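Chemist: Structure in structure tokens, see below.
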Amino acid sequence: MKDTKTRKIARHVILALLALASMALSWIIWTNPARYERAKQVSTEKVQSNQVSRDMSDVILPTQVIYTNSNQKQTLINSSKKSLSKAIINELSKWKLESSTRVSRGNKERFLDYASMTRSLMLKYPSNVTGQILSSVYDQKMDTNTEVSQIVINLDRKNEFFLLDDKTYDVYQIKVTKQSLKSLRKIVKNNDQEYGVKEKIMNHKLINDYPDSIEVPYYSFLINKESSSVFTANLLTDTDADSIDTKKVKDGTEYVTANNAKRLLIQNDGSATFNDTSKNNGKNGDLKTNIEKSFYQMKQLGVQVDNMRYFNFHPSQYQAEFRDYVGGFPIFNNDGLGTIKVSRQSSELTTAFSIYNLDVPVPTSENNKELPSTETILNQLELNGIDTKKIEDIDVGYDWSGKVSANSTVELEPTWYIKYRGDWTSYRDLIS
Amino acid sequence: MDFRRIEVIFIIVFAILNAYLFGSYWQYQLESGTVSSTSSSRNTTILKEMRNDQITYMPLSNTKSSGYYASAKVDTSLKNDLKRLIDQDARVSGDKIYSTLADPVTINVKQPQKTLNAFVKNRNNIIFGSQYTYNVNLSNSTQIVYTQMIDGRPVYSKAGQLIFYVNGAQEVTGYTQGHLANQEQLREESDLISQTRAVTWLYQYNEIPNNSKIEWAELGYTNLLTTDNGVVYVPTWIIGIKSKSSTGIETKRINAFSGVLIKKDSEASESTKTVQQVVDSVSSSSEEASSASGETARISTALNSASSNSSADTTSGSSVTSSASTGSSAITSQSSSSGANSESE
């Protein structure tokens, strides 16, 4: 067989290709994440507090829904049977949200026009999220990464879908396809609690102004105490260090991994702090990264997050705060119960939480409580020497007070809460 | 010439190497595919283990439904409606009606509801009868159970049940009835775990004996805790297991929100049995009725204390269950690591 020139070249080429292919394949296999996934899988099978797995879409949710009718009359609507915001989000996930256009920039009046658009539905977030977060929560491909504090949807006209940011007064319109407004109108009809409101701006924050006094229901819950073993298993055991030091300290118990990288302090009053220095968190990143990473850290705790909602972000500490909500209003506790705070400093991750949480709802003996109008409260505050210009936010909230112990019930009392000098304080505490 | 041969050998070797590398790459891809769908694959793995343990089961559903915490009050005013009942000797004790029928109703044990549905709906036979629905899972040849419904699902708690007693001649001789009033939804609806997940949890808690059959798994509502303002009911998967060694069906309960095992108070069910015997004795001899009713009262007080114990048990259950869940997770990680071992072998 004569070795022609073409054959020779073909052989060289084939050999070179095969050699390159084997190198490429080796590289892919060595760097394939699946290799590590398998090792990781064992550690993710942890004490997940037995919950139906909760997604970001169950926690990063709008907390209030405002309906504006054809006469521009606004109501905060709620349903005690089915979560309205979850139902609306489920509906939105079926739509296709695409490109965005800015329709208003930095104009307070125009911003308010959008916020009180006739026949519209407004979804309010307690604190800004971003377009990318919405894209991932609603399963969308929006091209914007603007910050969003409210979403406004016109119930009659298609393609009137707006993202609002009350920090900048910017409004973005989103192009929507596959939109079904009929089912949205149906969901809105399902409400059984209504409070008359007027959306107003107060210090760059869109607030609910309740022009009349309102009747707000009480709620009762059984308090559940999570055993410390759940947290040591979830937070400390996935390291290479197989031993955990347990130390009694002055006001609690401290659990430390052998390499000192992770420590969990559970105090006698039920508050707990988890410090993790084992990972380099890198640059602190944007809001989206912070919210997402904080959410996953919160999820790691394995506690029940049924009532938890994304509540706030403190840029100075890179701290995301999640808080318990009931009936569309936040729950506040002076000892920090009912919140989970995740701070992501570049070399340290700190999670503050509590081993007590609101578990099972129980019937309450109290009926509704009447709360005075927003104006009355603001006037009262002014009379008591509070500088109302420094008020950042004001809304109804639930007061969780009294002694906590496992399996005791707590009655949550509705009352006015004011965000003053950066902190939420009850009306009672603020004037005293 | 030699160079050509070497080159050909190299081509063959590289071809074989590439085939091998591609094969293993493909396998990694497949595995990472299963990793991403962990929850369903985990269920499949557990179901496989169950089959290895000779546990058989009916087709299980992965459909997710929703449910809510409900509250209700034990009806304490049944006494006022007793006079409406005709042709029966009925008395109220411990918030339950104990009644003996003057004319026993003959039924077909296989399909008792055919005769009894009409009987139950008649307000002169059963108080609030239209609220009760026949429950095939709880009924057997000696008792036929009707339950009240919450959110269209049966109440698996004696306080919301109507239990008919059947004698050897296939006749209904009497009944006991508990009634729940003021049903309310406490919180918004929330997702529940699927039927498959409930059964696999139960297996992971080591509550399904080998060589047994899961006959049914139904969503119902069970008593979670009792407060001053009423009883809290929680959506629950109730799973009926028939073990090869015994004849009866044993029921197990899984909290459908959390997947936690709900321990039943055995004491309470035993004392109910005694009440049933007492009712039987009441129906057999009316002379002894007076003394027996005294006994019923005593037993029902015992029952009450037992049920208050059981509520204490369920509340303290959370600590028990968290340790149980730790155990189960140990099982899960074990099973997944053993899976990894078998793959590497």
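Chemist: Would you point out the residue of the stretch A:164-173, among those that are in a strand (DSSP E or B) and touching a helix residue (DSSP H, G or I) at 6+ places or on another chain (Cβ under 9 Å), that is most open to solvent (accessible area, probe 1.4 Å)?
Modeler: A:Tyr172
Chemist: Filter the stretch A:118-143 down to the residues that are open to solvent by 10 Å² or more (accessible area, probe 1.4 Å) and part of a loop (DSSP other than H, G, I, E, B) and list them by number.
Modeler: A:Thr118, A:Arg119, A:Asp139, A:Gln140, A:Lys141, A:Met142, A:Asp143 - these are the residues of the stretch A:118-143 that are open to solvent by 10 Å² or more (accessible area, probe 1.4 Å) and part of a loop (DSSP other than H, G, I, E, B).
Chemist: Sticking with this structure for a sec: Does the stretch B:266-279 contain at least one residue that is under 27 Å from B:Tyr98 (Cβ atoms), open to solvent by 10 Å² or more (accessible area, probe 1.4 Å), among the β-branched types (Val, Ile, Thr) and at pLDDT 50 or above?
Modeler: no
Chemist: Show the residue pairs meeting these rules: Cβ distance below 7 Å; 6+ apart or different chains; first residue within the stretch B:204-224 and more than 14 Å from chain A (Cβ to nearest Cβ) and touching a residue at least 12 places away in the same chain (Cβ under 8 Å); second residue surrounded by 18 or more Cβ atoms within 10 Å (Cβ to Cβ) and part of a helix (DSSP H, G or I).
Modeler: Pairs found: B:Ile208/B:Leu202; B:Ile214/B:Val199; B:Ala217/B:Gln195; B:Ala217/B:Ala198; B:Ala217/B:Val199.
Chemist: Also, I was wondering about something else. Would it be correct to say that B:Asn117 is part of a loop (DSSP other than H, G, I, E, B) and either touching a His at 6+ places or on another chain (Cβ under 8 Å) or farther than 30 Å from A:Val360 by Cα (or both)?
Modeler: Answer is no for this residue.
Chemist: State which residue pairs qualify: first residue modelled with pLDDT under 85 and inside the stretch B:30-53, second residue open to solvent by 50 Å² or more (accessible area, probe 1.4 Å) in any location, beta carbons under 6 Å apart, and separation of 6 or more residues or different chains.
Modeler: Listed by first residue and then by second, the contacts come to B:Ser32/A:Glu37; B:Val35/A:Glu37; B:Ser41/B:Thr34.
Chemist: Residues of the stretch A:178-191 being open to solvent by 30 Å² or more (accessible area, probe 1.4 Å) and among the polar types (S, T, N, Q), which ones?
Modeler: A:Ser180, A:Ser183, A:Asn190, A:Asn191
Residues checked against (1) touching a residue at least 60 places away in the same chain (Cβ under 8 Å); (2) of a type in the set (Lys, Arg):
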{"position": "B:Arg123", "(1), (2)": "no, yes"}
{"position": "B:Gly129", "(1), (2)": "no, no"}
{"position": "B:Tyr132", "(1), (2)": "no, no"}
{"position": "B:Asn137", "(1), (2)": "yes, no"}
{"position": "B:Gln143", "(1), (2)": "yes, no"}
{"position": "B:Gln148", "(1), (2)": "no, no"}
{"position": "B:Asp151", "(1), (2)": "yes, no"}
{"position": "B:Tyr156", "(1), (2)": "yes, no"}
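Chemist: Could you say whether any residue in the stretch A:298-309 is small (Gly, Ala, Ser) and within 14 Å of chain B (Cβ to nearest Cβ)?
Modeler: Checked against the condition, which is being small (Gly, Ala, Ser) and within 14 Å of chain B (Cβ to nearest Cβ), the stretch A:298-309 yields at least one hit.
Chemist: Can you pull out the residues in the stretch B:166-195 that are open to solvent by less than 30 Å² (accessible area, probe 1.4 Å) and away from chain A (no Cβ under 13 Å)?
Modeler: Correct list: B:Val166, B:Val172, B:Thr173, B:Gly174, B:Tyr175, B:Thr176, B:Gln177, B:Gly178, B:His179, B:Gln195.
Chemist: Just a yes or no: is a residue in the stretch A:175-189 touching a Ser or Thr at 6+ places or on another chain (Cβ under 7 Å) and at pLDDT 90 or above?
Modeler: Yes, there is a match, as at least one residue in the stretch A:175-189 is touching a Ser or Thr at 6+ places or on another chain (Cβ under 7 Å) and at pLDDT 90 or above.
Chemist: A:Thr75 versus (1) out of contact with any helix residue (DSSP H, G or I) (no Cβ under 7 Å at 6 or more places or on another chain); (2) open to solvent by 30 Å² or more (accessible area, probe 1.4 Å); (3) farther than 30 Å from A:Glu226 by Cβ: which is the lone unmet condition?
Modeler: (2)
Chemist: Quick check on the stretch A:353-374: of everything there that is outside any loop (DSSP other than H, G, I, E, B) and hydrophobic (A, V, I, L, M, F, W, C), which residue is farthest from the other protein chains (Cβ to nearest Cβ)?
Modeler: A:Leu371
Chemist: Taking the stretch A:192-246 as the search range and keeping residues that are of a type in the set (Val, Ile, Thr) and part of a loop (DSSP other than H, G, I, E, B), which one is most open to solvent (accessible area, probe 1.4 Å)?
Modeler: If we take residues in the stretch A:192-246 being of a type in the set (Val, Ile, Thr) and part of a loop (DSSP other than H, G, I, E, B), then A:Thr237 is most open to solvent (accessible area, probe 1.4 Å).
Chemist: Would you check which residues across the stretch A:344-357 are touching a Phe, Trp or Tyr at 6+ places or on another chain (Cβ under 6 Å) and at pLDDT 90 or above and list them?
Modeler: Within the stretch A:344-357, A:Thr351 is the sole residue that qualifies.
Chemist: Would the stretch B:74-91 turn up any residue that is open to solvent by 60 Å² or more (accessible area, probe 1.4 Å), hydrophobic (A, V, I, L, M, F, W, C) and either within 14 Å of another protein chain (Cβ to nearest Cβ) or in contact (Cβ under 8 Å) with a residue 12 or more places away in the chain (or both)?
Modeler: Yes; the residues of the stretch B:74-91 include at least one that is open to solvent by 60 Å² or more (accessible area, probe 1.4 Å), hydrophobic (A, V, I, L, M, F, W, C) and either within 14 Å of another protein chain (Cβ to nearest Cβ) or in contact (Cβ under 8 Å) with a residue 12 or more places away in the chain (or both).
The values are calculated or read from the model by the stated rules, or taken from the named source; none is laboratory data. All values derive from a computational prediction rather than experimental measurement. Ideal geometry is used to build each Cβ from the backbone, glycine not excepted, and the neighbour counts take in all protein chains shown. Only protein heavy atoms, including side chains, enter the accessible area calculation; ligands, DNA and RNA are left aside. Shrake-Rupley method; radii C 1.70, N 1.55, O 1.52, S 1.80 Å.
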